[in-house]
Amino acid sequence: MTKETSTKDKPYGFGNTARRFPHPRRQKGSIAKDRFAFDQSIQGHDCQKVRRGGDFLVQRRDFFGEKEGEATLFEVKTANSRVTEEQLNRKQKLRGRYRLVRY
């Protein structure tokens, strides 16, 4: 008897290609975030990645390295990507310390 192939079998054994080759929009988003972090470091600001509620927490620094003002939360978007409801609520809560940047 021979084993019948089921629909779950992958004929060429490529595996999950979605993980290895991400969608171009996702790549553009990660490039935009890297570019934003690079721009902030060139200006001499501290830029930390945040896991929830935004992309980066940026603390301005003066010429001597002293902190200036309060830290600001930045959300980096590309092209015409939508802002989620959670991001809008965060913007209202933080008022002037939340900014949306588009690349």
Could you work out Rg/(2.2 N^0.38 Å) for the range 17-102, with Rg from alpha carbons only? 1.20
Determine, for the range 17-102, the count of lysine pairs separated by eight or more sequence positions (or lying on different chains) whose alpha-carbon distance falls under 22 Å. 11
What is the magnitude of the charge dipole of the range 17-102 about its Cα centre, with +1 placed on the Cβ of each Lys and Arg, -1 on the Cβ of each Asp and Glu, and no other charges, expressed in debye to the nearest 20? 580
Write down the percent of antiparallel bridges among all DSSP beta bridges whose residues are both part of the range 17-102, to the nearest 5. 65
Relative contact order of the range 17-102, please, whole-number percent, based on alpha carbon pairs below 8 angstrom and at least 6 residues apart. 22
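Here, each number is a calculation from the coordinates, and none is a lab measurement. Only a predicted model underlies this, so the values are computations on that prediction, with no experimental measurement involved. No Cβ is skipped: glycine too gets one built from the backbone with ideal geometry, and neighbour counts run over all protein chains shown.
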